[in-house]
Amino acid sequence: MSNKAIEIYRKRRSQYALGKNLPMGNEQVIALIKEAIRQAPSSFNSQSSRAVILFGAESERFWELTKEALRPLVPADAFANTEDKLASFAAGAGTVLFFEDQDVIKGLQEQFALYADNFPVWSEHSSGIAQFAVWTALAEAGIGASLQHYNPVVDAAVAETWDIPASWKLRAQMPFGSNEADFGEKTFMDDEQRFRVFA
């Protein structure tokens, strides 16, 4: 199948071998991430997604905070593996922290009481779409990334370190950087197990 969107989706892969040699300047990366989130759809056009973009030492600081938050939770004999994994994220050029603004969700719940139970779920949909939009935009620009979830373990440290509004709820983290390794072959389950079509 030849389709521009699908071709871009195929470029989006999890990259764990990250470097600091981006193919464009930080300002261009910032503009790319902002526009990807801006164009991502959300329920009722709520635009509930928020992002904090960290570069260089600030990104490394996030992964150091994550390491310290995990240290009491991970058995000592297994911590070396955790430390190595976090170091691979810190080796990148930056990290995007994805949040959802709970004040927006509460406002929608009050305004549209009939759908109140659905707005938190739809917020998660919006967040996922924003994450995918950023990931594919980075991939199209030749920038590697992966999606991580160290929330809520690191939430308090993040909020304090970067003065995050209380209504912002951390949902995911995306370390990014230069691609320092090739991607392996991606495998797919059988279509018969995944799709049903009726016409």
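The values are calculated or read from the model by the stated rules, or taken from the named source; none is laboratory data. Note that the structure is a prediction, hence the values are computed from the model and not measured. For neighbour counting, all protein chains shown are included, and Cβ atoms are generated from backbone atoms with ideal geometry for every residue, glycine included. These accessible areas exclude ligands, DNA and RNA; they are computed on the full protein's heavy atoms, side chains included. Shrake-Rupley method; radii C 1.70, N 1.55, O 1.52, S 1.80 Å.
Summary table below
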quantity	calculated
Cross-chain or 6+ apart pairs with Cβ under 9 Å, the stretch 121-150 first and without any contact (Cβ under 8 Å) to a residue 12 or more places away in the chain, then of a type in the set (Gly, Ala, Ser) and open to solvent by less than 20 Å² (accessible area, probe 1.4 Å)	Gly128/Ala172
Val153 being outside any helix (DSSP H, G or I) and β-branched (Val, Ile, Thr)	yes
Breaking point among (1) buried (at least 16 other Cβ atoms within 10 Å of the Cβ); (2) touching a Leu at 6+ places or on another chain (Cβ under 9 Å), for Ala69	(2)
First in the stretch 169-194 and more than 27 Å from Glu124 (Cβ to Cβ), second anywhere and assigned to a loop (DSSP other than H, G, I, E, B) and open to solvent by 50 Å² or more (accessible area, probe 1.4 Å), Cβ under 8 Å, 6 or more apart	Ser178/Lys20; Ser178/Asn21; Ser178/Pro23; Ala181/Tyr16; Phe183/Arg13
Qualifying residues in the stretch 160-198 (those that are among the aromatic types (Phe, Trp, Tyr) and assigned to a strand (DSSP E or B)) - the one most open to solvent (accessible area, probe 1.4 Å)	Trp168
Restricting the stretch 1-34 to residues that are among the basic types (Lys, Arg) and either touching a His at 6+ places or on another chain (Cβ under 8 Å) or over 20 Å from Val96 (Cα atoms) (or both), the residue that is surrounded by the most Cβ atoms within 10 Å (Cβ to Cβ)	Arg10
Qualifying residue in the stretch 30-44 (condition: modelled with pLDDT of 95 or more, over 21 Å from Ser126 (Cα atoms) and touching a Ser or Thr at 6+ places or on another chain (Cβ under 8 Å))	no
Residues located in the stretch 107-117, provided they are surrounded by 14 or more Cβ atoms within 10 Å (Cβ to Cβ) and touching a residue at least 12 places away in the same chain (Cβ under 8 Å)	Leu108
Verdict on Thr82 being of a type in the set (Ser, Thr, Tyr), surrounded by 14 or more Cβ atoms within 10 Å (Cβ to Cβ) and without any contact (Cβ under 8 Å) to a residue 60 or more places away in the chain	yes
Selection count where residues are assigned to a loop (DSSP other than H, G, I, E, B) and closer than 13 Å to Glu140 by Cα, scope the stretch 9-19	2
Condition met for Gly92 (closer than 19 Å to Ile143 by Cα, open to solvent by less than 70 Å² (accessible area, probe 1.4 Å) and among the small types (Gly, Ala, Ser))	yes
Hey, Gln47 within 19 Å of Arg171 (Cα to Cα) and open to solvent by 30 Å² or more (accessible area, probe 1.4 Å) or not	yes
Residue check, Val153 open to solvent by 60 Å² or more (accessible area, probe 1.4 Å), among the aliphatic types (A, V, I, L, M) and without any contact (Cβ under 8 Å) to a residue 12 or more places away in the chain	no
